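What follows is one structure encoded as structure tokens, with my remarks underneath.
The values are calculated or read from the model by the stated rules, or taken from the named source; none is laboratory data. The model shown is predicted, which means the values in this text are computed figures rather than measured ones. FYI the Cβ positions are ideal-geometry reconstructions off the backbone, even for glycines, and counts take in every protein chain you see.
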Amino acid sequence: MLIFGIETSCDETAAAIVEDGVNEICSVVSSSKEFHEKTGGIVPEVAARKQVESIVPVISECFEKYKEIKGYESIEHCYTDIDAVAVTIGPGLLASLVVGVEAAKSLALFLNKPLIPVNHLIGHLYGNYLVEEGVTKNIAFPAVALLVSGGHTELILIKNHGDFEYIGGTLDDAVGEAYDKVARLLGLSQYLGGALLSKKAQECKVNKIKGKLPRPMIDQDNFDFSFSGLKTATRRLIENEKIPTEVIAREFEDAVVEVLTKKTLNAVKKFSVKSLLMGGGVSANLHLRETLGRECEKVNVKFYAPPLRLCTDNAVYIASAAYFMYANEQYDFEKIKFEDIQPNPSLGIID
Ligand SMILES: Nc1ncnc2c1ncn2[C@@H]1O[C@H](COP(=O)(O)OP(=O)(O)OP(=O)(O)O)[C@@H](O)[C@H]1O
Ligand SMILES: [Mg+2]
């Protein structure tokens, strides 16, 4: 089954074609990040305008790529190959989501194929399903998923495809948001500085100030997190003490990784799961990936993290999630009407 996915929840405009939820055939991502760097944060209207400018070129480029891969002479052959269209309906910025949803409806109407609405957060987790270097991943359930992105930090129990239970999450800032704010405080980047902060942290081989920052809620018997106090404590450290940037970056990252690892492993043990999945932009963090991988090995639980290119927003995982929902009859596709498929900026993972 060939699904054409569309993702426009924030500042990326993306399209992809995926076969049977696991084989990525082609993918196109266009980002308006450079425009938001100038303003030091996302201006929703600017993001939406860039979505409008990019959506048709991105969809066309994706079909062109597919045509080339298949060696077809005409683009019409590509259209007939597609079995369904999938689109992110939320969460995200309303005006950005509208662009993708309306484009997807038009495409599905034109192709006369079903349209599958996808939750962006669930999409992030399906980045784990794509075949990598010929290896198919047979993820065993039940599983715990740690979703760590720019807008979310959640622990989810997955009993089966589409059967999710929220078990905990951040009470304030998302972990990606904390990374971005601290990166700004350290003068590393004005916008989305998480990866740069982590790179800086790697320059510090031995953390001589270990424990100077708090590890919020680490010993609490729940699956919730809090990162806003950690961000404030980091700001005080930057302002009051002369500590090299890489050392502060390292101590911040150590605090984040320790908290996420401890609570995630608590969940893995409590629910006796077979697998742990990561998803979201922060799952590109190598320190976190390595630590969780190591801890899972100790308790004989299989650990999955998406390939780095599928950690941040793209349409590959949207098409993949759509396939598994379709295959597991999550929706009655005969009954879903296009007009019922609407953007939902505040969609939760179990809505
Ligand atoms: N290596 C890294 N270490 C830490 N954080 C990182 C790394 N790479 C990316 N990030 C962070 O990931 C976040 C972006 O992730 P993503 O694109 O999934 O978020 P989003 O789509 O804005 O939010 P959501 O998916 O919750 O709607 C940013 O906060 C960015 O700084
Ligand atoms: Mg995202």
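Would you be able to tell me the number of residues in the stretch 67-111 that are in contact (Cβ under 8 Å) with a residue 60 or more places away in the chain and of a type in the set (S, T, N, Q)?
Here the count works out to 2.
Which ones in the stretch 334-351 are more than 16 Å from Gly279 (Cβ to Cβ) and surrounded by 14 or more Cβ atoms within 10 Å (Cβ to Cβ)? Can you show your working first?
The initial filter retains those residues of the stretch 334-351 that are more than 16 Å from Gly279 (Cβ to Cβ), namely 334-346, 351.
Of everything in the stretch 334-351, those that are more than 16 Å from Gly279 (Cβ to Cβ) and surrounded by 14 or more Cβ atoms within 10 Å (Cβ to Cβ) turn out to be Ile336, Phe338, Ile341, Pro343, Asn344, Pro345.
Criterion first (more than 16 Å from ligand 2 (Cβ to nearest atom), in contact (Cβ under 8 Å) with a residue 40 or more places away in the chain and loosely packed, with under 15 Cβ neighbours inside 10 Å) does Pro214 satisfy it? Break it down stepwise before answering.
Numbers: more than 16 Å from ligand 2 (Cβ to nearest atom): yes; in contact (Cβ under 8 Å) with a residue 40 or more places away in the chain: yes; loosely packed, with under 15 Cβ neighbours inside 10 Å: no.
No, not satisfied.
Could you grab me the full set of residues in the stretch 190-210 that are in contact (Cβ under 8 Å) with a residue 40 or more places away in the chain and part of a loop (DSSP other than H, G, I, E, B)?
Scanning the stretch 190-210 gives Gln190, Tyr191, Leu192, Glu203, Cys204, Asn207, Ile209, Lys210.
Just one of Ile248, Ile318 is in the same structural domain as Gly92 (by TED's automatic domain parsing) and in contact with a helix residue (DSSP H, G or I) (Cβ under 7 Å, 6 or more places away or on another chain); which is it?
Values: Ile248 fails: in the same structural domain as Gly92 (by TED's automatic domain parsing).
So the residue among Ile248, Ile318 that is in the same structural domain as Gly92 (by TED's automatic domain parsing) and in contact with a helix residue (DSSP H, G or I) (Cβ under 7 Å, 6 or more places away or on another chain) is Ile318.
Quick check, is Leu125 among the aliphatic types (A, V, I, L, M) and under 16 Å from Ile318 (Cβ atoms)? Steps first, please.
Working: among the aliphatic types (A, V, I, L, M): yes; under 16 Å from Ile318 (Cβ atoms): yes.
When the stated conditions are applied, Leu125 passes them.
Output yes when any residue across the stretch 164-174 is outside any strand (DSSP E or B), of a type in the set (A, V, I, L, M, F, W, C) and within 16 Å of ligand 2 (Cβ to nearest atom), and no when none is.
Initially, the stretch 164-174 is screened for residues outside any strand (DSSP E or B), giving 171-174.
Retained after the next criterion (residues that are of a type in the set (A, V, I, L, M, F, W, C)): 171, 174.
So of that shortlist, the ones also within 16 Å of ligand 2 (Cβ to nearest atom) come out as 174.
Yes; the residues of the stretch 164-174 include at least one that is outside any strand (DSSP E or B), of a type in the set (A, V, I, L, M, F, W, C) and within 16 Å of ligand 2 (Cβ to nearest atom).
Answer yes or no as to whether Glu133 is surrounded by fewer than 15 Cβ atoms within 10 Å (Cβ to Cβ), away from ligand 1 (no atom under 14 Å from the Cβ) and modelled with pLDDT under 95. Write out each step before concluding.
Working: surrounded by fewer than 15 Cβ atoms within 10 Å (Cβ to Cβ): yes; away from ligand 1 (no atom under 14 Å from the Cβ): yes; modelled with pLDDT under 95: yes.
The answer is yes for Glu133.
Is there any pair linking a residue in the stretch 289-316 that is under 19 Å from Gly176 (Cβ atoms) to one that is in a helix (DSSP H, G or I) and away from ligand 1 (no atom under 12 Å from the Cβ), with Cβ under 7 Å and at least six apart or on different chains, and which?
Note: pairs meeting the criteria are Thr291/Thr261; Leu292/Thr261; Leu292/Thr264; Leu310/Val316.
Tally time: how many residues in the stretch 1-35 are over 19 Å from Lys137 (Cα atoms) and either among the small types (Gly, Ala, Ser) or within 16 Å of ligand 1 (Cβ to nearest atom) (or both)?
Total satisfying the criteria: 20.
Can you name the residue in the stretch 78-92 that is out of contact with any helix residue (DSSP H, G or I) (no Cβ under 7 Å at 6 or more places or on another chain) and in a helix (DSSP H, G or I) and is also farthest from Ile25 (Cα to Cα) among such residues? Reasoning before the result, please.
Looking only at the stretch 78-92, we keep the residues that are out of contact with any helix residue (DSSP H, G or I) (no Cβ under 7 Å at 6 or more places or on another chain), and these are 80-81, 83.
From what's left, in a helix (DSSP H, G or I): 80-81.
Numbers: Thr80: 16, Asp81: 12 Å.
Within the stretch 78-92, the match that is farthest from Ile25 (Cα to Cα) is Thr80.
Does Ser96 satisfy the condition of being within 13 Å of ligand 1 (Cβ to nearest atom), touching a Pro at 6+ places or on another chain (Cβ under 9 Å) and hydroxyl-bearing (Ser, Thr, Tyr)? Quick ask: steps written out before the conclusion?
Working: within 13 Å of ligand 1 (Cβ to nearest atom): yes; touching a Pro at 6+ places or on another chain (Cβ under 9 Å): yes; hydroxyl-bearing (Ser, Thr, Tyr): yes.
Considered against the rule, which asks whether it is within 13 Å of ligand 1 (Cβ to nearest atom), touching a Pro at 6+ places or on another chain (Cβ under 9 Å) and hydroxyl-bearing (Ser, Thr, Tyr), Ser96 comes out as yes.
Looking at the stretch 308-329 only, could you name the residues that are more than 15 Å from ligand 2 (Cβ to nearest atom) and surrounded by fewer than 24 Cβ atoms within 10 Å (Cβ to Cβ)?
Hits for the stretch 308-329 are Phe324, Met325, Tyr326, Ala327, Asn328, Glu329.
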